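The structure under discussion appears below in the form of structure tokens.
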Amino acid sequence: MNMPSLKEAKKRTDKRVETKTYKKENKYQELLKNKTFYIKTYGCQMNEHDSENMIAILKEYGMKEVKDYEDADLIMLNTCSIRENAHNKVFGMLGRIKHLKGIKKDIVVGLAGCMAQEEVVANEILNKYKWMDFVLGTHNIHNLAEIVYDSFKDRKLKIEAQSIEGDIIENMPADRQNKYKAYVNIMYGCDKFCTYCIVPYTRGKQRSRNKDDIIKEVKDLIKEGYKEVTLLGQNVNAYGKDRNDNYNMANLLEDVAKTGIDRVRFMTSHPWDFTDDMIDIIAKYHNIMPSIHLPVQSGNTRILKLMGRRYTKEEYLDLFYKLKDRIPKVAISTDIIVGFPNETEEEFNDTLELVNKCKFDLAYTFIFSKRVGTPAEKMKDNVTLEEKEQRLYKLNELVNKYALENNKKLEGEIVEVLVEALSDKEGFVMGYSDTNKLVNLKGEEDLIGKIVKVKILEAKTWSLNGEYVE
Ligand code: SAH
Ligand code: SF4
Ligand code: F3S
């Protein structure tokens, strides 16, 4: 048993990060081969990519993926802790799985991902979910085969989710869900400690991968036919700051662009670390997409300060306008939290005012959710849930209005789309534009995997309809 500890998770030391190499262990193969598995993924792109690693590891041992959890020998939930409702969904699903395990005693059930790293969750599982087989933390993904093997051998609950600052594991296989677009981790963890956020505790300290490993991964993806990479991290603009080798995000963006891959994206950008050099590089290389996710969280400086975001409303706006000014046709999206503890009506109105100024292409909006162990958990809050819901509703109306307005501007324009799949509607295909807008167009399978020019005919709030030009 290696239980997570909130106290340990909060620690940051200058202990050096080790880069380790994943290796397959043949001794697990015999027992695991031909067993079936089902993985359900919650949360962000990081978690999706972790699932791609886990799926590939299990397949390497001869296991087979099934689409329905009721058909699986191994059921695994790759979980997210970011908000209360993510939690609730997982516990709801565990209820259904418990029922199944009552009927099919031989199945193995495991929980991985960010919830596995929460002390409160691990304790709850230890006390009330003894029927489960394992809990595997975010620092232990490379040990998946071992814990699954042990679980099939003896069905005692095992918890491997110690809170450590974390290492970097290279060479893990990935079974990518998309054939044309790939996620590439460039860093792990986060040291920003925004006061509402649980990620620094569930993912450990900020660790940037070696640039040569990243570039090699991108070059290999090109050879495999990939057209687009998204460089992933909680705070990608801070890439390299933990390495002291004078190589930063601007350098990395440039080197990735120079590999010649058709499209480069990156997320998420924290405004604090966005440098002028980065802006120059994004503007200079046509294969770095003009699409930036730049979470603002609030339009009020007092709230931003309480959130620990390290910028004022004015500083955010300066950066926003600079990006708009220097990167032709850039689309900017954001994240916003309403109902932070004691947020007043006026402070919320500042957020609306900022949205009115920025007219974001897209905004993900959330009601503040109290996370155990974060500083914001202890903050007094006199705003009722009803009030918070009303604010969210009002904000969404505004955000949707601007999403549609931005899309409308594209009517009649020609945009480049990487077609990635058949659309739900028969005779149509779908893909994303350079500015990351979902585009549906008439077309057949032969367009899939190609970057084509599309004339936009009709704009909706969440998507565009267009016709193939060339
Ligand atoms: N690293 C990214 C964000 C990752 S979490 C960044 O700093 O921008 C994605 C989004 O979830 C955040 O931007 C924030 O808007 C939201 N979020 C995080 N913690 C939250 C909480 N406790 N309650 C509500 N929303 C939260
Ligand atoms: Fe959370 Fe802030 Fe880190 Fe983003 S930068 S993951 S919001 S602590
Ligand atoms: Fe959720 Fe963990 Fe991602 S908390 S948002 S899965 S980093």
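Each value in this text was obtained by applying a stated rule to the coordinates, not by laboratory testing. Everything numeric here is computed off the predicted structure, so don't read it as measured data. Cβ coordinates were reconstructed from backbone atoms using ideal geometry, including for glycine residues, and neighbour counts include every protein chain displayed.
Below are the figures for this structure:
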| read-out | value |
| --- | --- |
| Inter-probe distance in nm under a simple model that places probes 7 Å from Cα toward Cβ, at residue 162 and residue 223 | 3.6 |
| Environment charge at residue 180 (Cβ cut-off 11 Å; Lys +1, Arg +1, Asp -1, Glu -1) | +2 |
| Fewest-first sequence of 114, 194 by Cβ atoms within 10 Å of each Cβ | 194, 114 |
| Charge context of residue 293, other residues only, Cβ under 11 angstrom, K/R +1, D/E -1 | -1 |
| Relative contact order of the range 181-408, defined on C-alpha pairs under 8 angstrom at six or more residues apart (%) | 18 |
| Whole-Å distance, taken between Cα centres, linking the range 265-321 and the range 20-38 | 42 |
| Alpha-carbon centroid distance for the pair the range 368-415 / the range 246-263, whole angstrom | 32 |
| Too-long pairs where the Cα-Cα distance tops 18 Å, listed order kept, from 357/388; 104/156; 11/205; 179/223 | 357/388 |
| Chain lengthening between residue 24 and residue 191 when straightened (0.36 nm per residue, less Cα-Cα) | 57.0 nm |
| For the chain, Cys with no neighbouring Cys Cβ under 4.7 Å | 44, 80, 114, 190, 358 |
| Cα centroid of the range 112-172 to Cα centroid of the range 199-214, whole Å | 20 |
| In the range 35-100, trypsin sites (Lys or Arg not before Pro) in a DSSP loop with at most 10 other beta-carbon atoms within 10 Å | 67 |
| Nearest-0.05 FRET efficiency for residue 285 and residue 56, computed from C-beta distance (R0 25 Å) | 0.25 |
| Efficiency of FRET between residue 15 and residue 275 - r from beta-carbon atoms, R0 35 angstrom, step 0.05 | 0.80 |
| Formal net charge of residues neighbouring residue 105 (Cβ-Cβ distance under 13 Å; K, R +1; D, E -1) | +1 |
| Flagged links, alpha-carbon separation over 22 Å, of 105/153; 284/305; 128/158; 409/460 | 284/305 |
| Cα→Cβ-extended label distance, 7 Å offset, between residue 458 and residue 68, nm | 3.6 |
| Residue exposure sequence - 333, 208 - by fewest surrounding Cβ within 10 Å | 333, 208 |
| Violating pairs (Cα-Cα greater than 32 angstrom) within the set 27/370; 15/211; 7/35; 425/453 | 27/370; 7/35 |
| Additional length obtainable on full extension of the chain from residue 384 to residue 177, 0.36 nm per residue less Cα span | 70.4 nm |
| Gain upon complete extension [residue 414, residue 36; 0.36 nm per residue less C-alpha separation] | 131.5 nm |
| FRET efficiency, residue 322 to residue 3 (Cβ-Cβ, R0 45 Å, nearest 0.05) | 0.45 |
| Sorted by Cβ neighbour density within 10 Å, fewest at the top, the residues 281, 97 | 281, 97 |
| Relative contact order [Cα under 8 Å, 6+ residues apart], the chain, whole percent | 11 |
